[in-house]
Amino acid sequence: MRSRVDSRPALEWVLRAGSLALLAWMIWLSTAARRAAGEHRVSSSATLGDSLAAWTLDPRADSLHAALDELPRGEERDWLAALRRAGATVTWSSPASTPVALAVEALNDPAGGVRASLAAPSGALVVVSDSLGVLDTVVMAGPSAALRARAVLGGARASAGGASASAALRDSLVQRGVAVIGRAGWEAKFVIAALEESGWKVSARLAVAPDIFVRQGSVKLDTASTGVVVALDSTAARDARAIERFVRSGGGLVLAGDAARSAGFARIAAGGVGTRVRSVAISFSDSAPRRALGFYPISARADDVVPLESRDGAMAVAARRVGAGRVVQLGYDETWRWRLQGGSTSPEAHRAWWSSVIGSAAYRAARQSTLHGETLDPAPLAATFSALGAPVAPERAAPALQVRPGLRWWMLLMLLAMLLAEWASRRLRGAS
Amino acid sequence: MSDFVFATARYESGDWDSAPLVPPNIIDTIARYTSIDVAPTGVVVPLSSPDLARYPLVFLTGHLPVRFTKEEHEQLAQFIDRGGMLFVDDHNHDIDGAFHKTASEEIRRTVGPLADLPNDHPIYSAFFHFPDGPPNTGHELNGWGDNLLHKHLLAVQREGRIAVLYSNKDYSSEWGYHPDNKRFLAVDNTRFAVNIVVYALTR
C-alpha cells in the first residue's frame, strides 16, 4: 500500500500541469481579447470613408466588417481589398445586393446611336439614365435586356433595388464603306438602295455579262476604306482569296443567299448551303416578315459558328470569327421582295435589318474617346464579390469574444493557489 | 427563279396591249447581250394590283388617252415610293397626241412632273454607249407623228435615280418585231433596251 508521502509527487505534478494549462489559457484569452478589441463595424455607407481611414491607421484593426446600406463605391471597394491583402480579415454585408450590370457601346450604324446592354434579375425594374436624366425604364423579362438611345451624355447609369451600375462609351467608331459584289439584279439594286438610304457609303461591282461589270465607285478590299464586303452570289467567288485576306485582317463579310456555296469561301463561311426552302408565309407580316422569304438552310461547319436566327429548326443566319474579322452568313435570298411587297413599314424594316447586318459584321475602327477620369462601375456586385468575397451576415462576422467580468482575477488567484500548494507540498516533504 | 421578268402594265383606260412584240424582243436582246438571268416570257401585270410590286421594272405603252383609276394611282405611287421604275413609251410619237397629254398628266399627278433627262445621264452608258443621248427611231426620221426628232427623254427622278422614264420616240413601234428579224439589221436597234434594263437592275 502506498503512503501519503509517496502520492505527493504525483499531486505536485498535477498541480504543475494545471498551473501550466491555466497559464496557457490566460495567455490565449489575452490574445483573443486583443483581437476582438480591434474590430470595427460600419452601420452606414456614409461613414465608410472615415472608417476606412481609421482602420488603416489603427494597428489593432485586423478584423473588419463593413455593414453597408448600399454597395461600396469603386474606390471604397479597392480600399477594403487593399486592407484585406494587407492581412486584415475583411467581411461585408449589404441589403442592396441586387446584381445589376451595364455596358454601353456605340452602334455601328451611320445613323449613330448607342446600345445599352443590361443584366439584372428577372422582374427587376431597372432605371437607365445619363447626365441629363432618365433615358428609359425596363422591367426585366429575363436576365438580360438591351435598349437603344440616340446618344448618352456623360456616363450612363442603371439602378435597380438600391444597386447602381455605371458605364460610358470608351470609344467612338470610324465608319468605313460597304462593297457590294454580285450579279446585276433586284437583290443587288435594293440592298444597295437600303444601305445608301441608311447612310452607308456603298461601292459596288455588279456583273451584267461575262467580264462586263456595272461599277459604282471603286471596290477596294482593304480595311482602310472598306468595313464590310457583301457577297450576294457566286460571282463574288472570283475575289475569294482577296476577300479572305480582307476578313482575316479585320474586315467583315456578309455572305448572302447561295454565295457561300462557292468553294472559294469554304474556309471562311459559317456553314454549308442546303437546298432552298420556299417561304412559309404568303404575306410579309410586321412581326415575322422574313418568314415570307425563301432561304438556304445553313449547316454549321465549324465549332465556333454562332446561330443568330433559325427557322423551322434550320439555321437561317449564322456568324463566326475568322482571324480578326467576322463573317455573317445569310440564308435568305430575294430580300427585295420584303421591301416591295411588304406592309407599310416594310421599306424601313428592310432597311434597318440590312443596316444592322452590316453593322454587326463591319470592321470597327475605334478612336480614343475624350471621356476619361470618370469613375465607372459597370457591375458593382460582381466587382464586390471579386474583391471581397461573398457577403457575410453581420451577426456571423467574427463575433466579439465575451469574457465574464472577474474571470481573469479568479484565474489568477487559482494559478497562484496551485503554485503555492505545489511549493508547500514540496517543502513539507523535505524536497528541494 | 429568274431574277428579271419583263412586265407590261395593263391599265383600265386606253390600249395597254398595243405593242405585243416588244416584250419578247427585249427579252431576246437581254439574253443575247448579257448574263442577266431573264425569264423567257414576259408577264402582264394590272397596274391596280399589288402584284405590281413583284416586278420592279414595268413597261407601259399605248396610243389612246390614259386615265388611271384610284387603285392604279395608289398602287403606282407606292410602287415608285418603294423603288420601282416605270418605263412609259408614247406609241404615237406625238407631243400633241392624246396619249402624251393624258399620260404625262397622270404621271405628274401620281409621281411628279416630267423633266428633260440630260443626254449624259448614266442610263446612256449603263451597258452600250449612246454619247448623243437616246437613239432615234425610224418613225422619227421618217417624219411621222409630230415630225420631230426628240432630243431628250423625259424622266421623274427620286433621290438621284430614275423613277419614271418617259419616251416620245415610239420605241414601241421601233422594237415591235419578231426577234428573228434582227438578222436583217446592220445595227441592232433594241440595244438601248439593254441599257434601260441594266440601269433598272443596278441603280
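The values are calculated or read from the model by the stated rules, or taken from the named source; none is laboratory data. Here the structure is a predicted model, which is why all the values come from computation and not from measurement. As a convention, Cβ positions derive from the backbone with ideal geometry for all residues, glycine included, and neighbour counts pool all protein chains shown.
Of all residues in the range B:10-48, which are out of contact with any helix residue (DSSP H, G or I) (no Cβ under 7 Å at 6 or more places or on another chain), within 14 Å of chain A (Cβ to nearest Cβ) and part of a loop (DSSP other than H, G, I, E, B)? Within the range B:10-48, B:Ser35, B:Asp37, B:Ala39 meet the criteria. Going by the conditions given, is B:Thr102 touching a Pro at 6+ places or on another chain (Cβ under 6 Å) and closer than 19 Å to B:Val58 by Cβ? So B:Thr102 passes the test.
Hey, B:His73 hits all of (1) assigned to a helix (DSSP H, G or I); (2) within 14 Å of another protein chain (Cβ to nearest Cβ) but one; which does it fall short on? Of the numbered conditions (1) assigned to a helix (DSSP H, G or I); (2) within 14 Å of another protein chain (Cβ to nearest Cβ), the odd one out for B:His73 is (2).
Residues in the range A:32-74 that are buried (at least 17 other Cβ atoms within 10 Å of the Cβ), aliphatic (A, V, I, L, M) and either modelled with pLDDT under 70 or over 28 Å from the mean Cα position of the chain (by Cα) (or both): A:Val42, A:Leu52, A:Ala61, A:Leu64.
The criterion of at least 3 residues that are within 14 Å of another protein chain (Cβ to nearest Cβ) and within 16 Å of the chain's Cα centre (by Cα) is met, among strands (runs of 3 or more DSSP E) falling completely within the range B:87-203, by B:161-167. Within the range A:75-123, the set of residues being part of a helix (DSSP H, G or I) and surrounded by fewer than 16 Cβ atoms within 10 Å (Cβ to Cβ) comprises A:Glu75, A:Asp78, A:Ala82, A:Arg85. Take the residues of the range A:329-354 that are surrounded by fewer than 18 Cβ atoms within 10 Å (Cβ to Cβ) and among the hydroxyl-bearing types (Ser, Thr, Tyr): which is nearest to the other protein chains (Cβ to nearest Cβ)? In this case the residue turns out to be A:Ser344.
Against the criterion of being aliphatic (A, V, I, L, M) and outside any helix (DSSP H, G or I), A:Ala260 does not qualify. Scanning the range A:295-306 for residues that are modelled with pLDDT of 90 or more and either buried (at least 16 other Cβ atoms within 10 Å of the Cβ) or in a loop (DSSP other than H, G, I, E, B) (or both) gives A:Phe295, A:Tyr296, A:Pro297, A:Ile298, A:Asp304, A:Val305. Within the range A:190-218, the set of residues being touching a residue at least 24 places away in the same chain (Cβ under 8 Å) and in a strand (DSSP E or B) comprises A:Val202, A:Ser203, A:Ala204, A:Arg205, A:Leu206, A:Ala207, A:Val208, A:Val214, A:Gln216. In the range B:86-102, the residue that is modelled with the lowest pLDDT out of those that are closer than 21 Å to B:Asn136 by Cβ and aliphatic (A, V, I, L, M) is B:Ile95. Being touching a helix residue (DSSP H, G or I) at 6+ places or on another chain (Cβ under 7 Å) and in contact (Cβ under 8 Å) with a residue 12 or more places away in the chain is a description that applies to A:Ala111.
Any idea which of A:Leu255, A:Leu232 is within 14 Å of chain B (Cβ to nearest Cβ) and under 40 Å from the mean Cα position of the chain (by Cα)? Residue meeting the stated conditions: A:Leu232.
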